[in-house]
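Notes for the one structure printed next.
The values are calculated or read from the model by the stated rules, or taken from the named source; none is laboratory data. Computed from a prediction, not measured in an experiment: that's the story for all the values here. FYI the Cβ positions are ideal-geometry reconstructions off the backbone, even for glycines, and counts take in every protein chain you see. Areas reflect the complete protein model, heavy atoms only, side chains present, ligands, DNA and RNA absent. Shrake-Rupley method; radii C 1.70, N 1.55, O 1.52, S 1.80 Å.
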Amino acid sequence: MRTEDNLHHPFRFLTMTAHPPSPPIISVRNFTAAYGGNVVIDDISFDVFPGEVFVILGGSGCGKSTMLKHMIGLYEPAAGAILFEGDDIVTAYGTQRQEILCRFGVMYQLGALFGSMTLLENVRVPLEEYTDLPEDAMNLVARMKLDLVGLGEFLHHMPAEISGGMQKRAAIARAMALDPKILFLDEPSAGLDPITSAGLDQLILRLSRTLGITFVVVTHELPSIYTIADRAIMLDKSVKKIVAEGKPAALRDTSDNPWVRQFFNREAETG
Amino acid sequence: MPPASTTRPPAWATAGPLDGGGVRLQLGGRLTAQSITGVWNVVEEALRGTVPERVVIDGSEVTYCDTAGLGILMEVRSRVEPAGGTVDVAAWPENLRPMLDLFDAASFREPVHPRVEHARLPEEVGRGVVQLYRDLVVQLTYVGELTAALGAALLRPHTIRWRDALRTAETAGVNALPIVVLIGFLLGLIMAFQSAIPMKQFGAEIFVANLVSLSMLRELGPLMTAIVLAGRSGSAFAAEIGTMKVNEEVNALVTMGLKPVNFLVVPRVLAAVVMTPLLTLFTCLAGLLGGIVVMLSLGFPFVTAYNQMVNSTDAVDLLGGLVKAFFFGILVAGVGCMRGLETKTGASAVGDSTTRAVVSSIVLIAIADGIFSVVYYFLGV
């Protein structure tokens, strides 16, 4: 039985990966995404389990970001259900939908920090809107989140005054403002140098292990995938379905799908 | 003791004296951002006044704690420890213990001060003057660049991006027709009505036609058209080019060896200088129509009102207005594009550019109109 408390067990992660002990925190069922009449993803289903780092990967144009945007409720699927602990975000509306939205945070590809606010103010926005904490408490909590992502010294910097990697970390801090159980990250490593990218990977792993946050990450950065992913699904635009599911290293070494092996071995198209 | 279980909130706290001096805080329930406001108030109350030498936190009844809940511990430590006191966590659920190591309370001792940039008056004035000088240099450079680009473009018309110019003429000119016609009609109508009342006292209602036709053709037609275009199209130019600047599209032009002024500004200015006089013509016509409607309601036949208007103005009045409109068009498009190119980084910068474009355009239009009035006076126009 899953409780929020057992997420914080120091060895939770290792046991969970091998034998998921809990019901899924996210269930995608018979999901179809389409733009107009053009089907991008056709009838797929998968589960994300509490505390794992789950990666959605695939080639360019396969629908990774589309999948993510449907999961976070920005787009409405052509068919299917997206369940957060049993509650369908597709059919939810009003306060129920609001309640589901509070269960997760999202880091967008370019950070999407509010340019007219300092980092502290950015992180404070969800706290101001969803809690009635006193101002000092909000400042402290926002500061703790920024400290957690290594930006404790940059509270009063504007987003334009910090680097791309720092903006992404600040975006993670903002996404964590209300301590959601799930964080969605859209291309966290895109456009970052290897050192910054590795630092971000370490941050994801640290947050996953210490706070028990479930991560759903969209990326196609192979080094990052090998470092952070507990489990991955791979989308293929030619069949519009999941063509592989499992641990990335295992998929690379044992998959019987030549395209999957080609992807993981970074081999160019032939012919 | 915790509150009675029947009314127990999701998170709760009690504070009491500690044997041997100090404060004992008992925390319980789910300590989350949404639930800890009451807990926070209890802690604030317990630490108000003299900071206790010793605080013991009993978290044995805590069932869940997120980082916001952990903030309570940080707050207690950051207030008690700098004053030489000690904070002991007597009990804390085993499964939540790893979280206690996540933060260093020493990091949070300094209170959060809002970002305030202190500057003395002389410093402010100095900065202002330097900024003004820089702006002036940028604007003069821009005016020079634009003049050169327009001259070169007119000498070699095939280098002009006519497709962009036509598109801009449609969006900034043709699509603005309904609004300028409406404004012009209402302006003529209101002016005629307002002037008819005092003129009636002197039996001079017929001169309402003179007033409307002269003021519309010479002054209000071009002025109102320019102001509407500044709000509608000048701001759009600033926002579009500003967004291109933020997205590094302007940098892409530069690295392709293309001049942003030639590529982006010249087509817009050309479109504006053609469309502003045309729109002014429609504004004037609509204004005259508004005046005629009032004249008809005052009992004058259409022919009388028409003849009065035609006889009170001549082609020079109309031409004077159109020349003004021509220059207003350059101002609106030129300033809108300049503010767009000056855009810094971030979404708010685009908003700033748009605001500055509208304000600068309107101010410059008013100044230019004043200059035209003086020049026309001396030319006897």
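Things worth noting here:
- Cut-off 15 Å between beta-carbons: net charge of the residues surrounding residue B:308, Lys and Arg +1, Asp and Glu -1: -3
- Normalising by residue count, the range B:261-381 has a Cα convex hull of 134 Å³ per residue.
- Here's the list of lysines a cross-link from residue A:247 could span, going by alpha-carbon distance under 18 Å and ignoring same-chain residues fewer than 8 apart: A:64.
- Interface area, A with B, accessible, probe 1.4 Å, both sides summed, Å² nearest 100: 2900
- Within a Gaussian network of chain A (alpha carbon springs, distance under 10 Å), most fluctuating of A:236, A:132, A:253: A:132
- Extreme residue, positive dipole direction of chain A, given options A:51, A:139, A:235 (C-beta unit charges): A:235
- If R0 is 56 Å, the Cβ-Cβ spacing of residue B:161 and residue A:136 corresponds to a FRET efficiency of close to 0.50.
- In the elastic network of chain A, a GNM with C-alpha springs shorter than 10 Å, the most mobile of A:107, A:234, A:117 is A:117.
- Point-to-point label distance, residue B:378-residue A:190, nm (Cα→Cβ direction, 7 Å offset): 6.1
- GluC sites (Glu not before Pro) within the range A:153-230, DSSP loop, no more than 16 other Cβ atoms inside 10 Å: A:153
- The range B:144-219: C-alpha gyration tensor shape, a/c 1.5 cut-off, then a/b vs b/c: prolate
- The lysines within cross-link reach of residue A:145, meaning a Cα-to-Cα straight distance under 21 Å and a gap of 8 or more places when in the same chain, are A:168, A:181.
- Residue mean of other protein chain beta carbons inside 10 Å, B:346-352: 4
- Between 0 and 90 degrees, the angle of helix B:121-155 with respect to the longest Cα principal axis of chain B falls at about 40 degrees.
- 10 Å Cβ neighbours from other chains, averaged over peptide A:136-148: 6
- Computed accessible area, residue B:25, all protein chains, 1.4 angstrom probe, square angstrom: 0
- Residue A:157 accessible area, 1.4 Å probe, all protein chains in place, Å² to nearest 10: 60
- Toward the positive end of the charge dipole of the protein assembly as shown, with +1 on the Cβ of Lys and Arg and -1 on the Cβ of Asp and Glu, the farthest Cα among B:185, A:82, B:76 is that of B:185.
- Cα-based helix-to-principal-axis angle, A:119-130 vs chain A, degrees rounded to 10: 90
- In chain A the Cα-Cα distances spread across 10 Å bins starting at 0 as 7, 29, 36, 23, 6, 1, 0 percent of all pairs.
- Taken as Cα centroids, the range A:46-93 and the range A:221-245 sit 14 Å apart, rounded to the nearest whole angstrom.
- Cleavage-rule hits, GluC sites (Glu not before Pro), the range B:50-148, DSSP coil, Cβ neighbours within 10 Å at most 13: B:117
- Evaluated at q = 0.10, 0.12, 0.16, 0.21 Å⁻¹, the base-10 log of the normalised Debye intensity for the range B:5-108, with identical point scatterers placed on the Cα atoms, takes the values -0.24, -0.35, -0.64, -1.14.
- Alpha carbon convex hull of the protein assembly as shown, volume per residue in cubic angstrom: 270
- Shape of the range A:75-222, Cα gyration tensor, a/c cut at 1.5: oblate
- Candidates per trypsin sites (Lys or Arg not before Pro) in the range A:180-271, loop by DSSP, up to 10 other Cβ within 10 Å: A:266
- Fraction of alpha-carbon pairs over 26 Å apart in the range B:128-379 - percent: 45
- The range A:114-179: proportion of alpha-carbon pairs further apart than 17 angstrom, %: 29
- For residue B:245, the lysines whose Cα comes closer than 20 Å to its Cα, not counting residues fewer than 8 places off in the same chain, are B:259, B:344.
- Whether the range A:214-271 is rounded, prolate or oblate, judged on the alpha carbon gyration tensor where a/c under 1.5 counts as rounded: prolate
- Degrees between helix B:37-47 axis and first principal axis of chain B (Cα, 0 to 90, nearest 10): 60
- Alpha-carbon centroid distance for the pair the range B:199-277 / the range B:311-342, whole angstrom: 7
- With all protein chains kept in place, the per residue accessible area of chain A amounts to 42 square angstrom at a probe of 1.4 angstrom.
- Radius 15 Å from Cβ of residue B:372, net charge of other residues (Lys, Arg +1; Asp, Glu -1): -1
- Using a Gaussian network model of chain B in which every pair of alpha carbons under 10 angstrom is joined by a spring, one finds that among B:326, B:108, B:193 the greatest mean-square fluctuation is at B:108.
- Take each residue in A:216-228, count the other chain C-beta atoms within 10 Å of its C-beta, and the mean is 0.
- Taking other residues whose beta carbon is less than 13 angstrom from the beta carbon of residue B:111, and scoring Lys, Arg as +1 and Asp, Glu as -1, yields -1.
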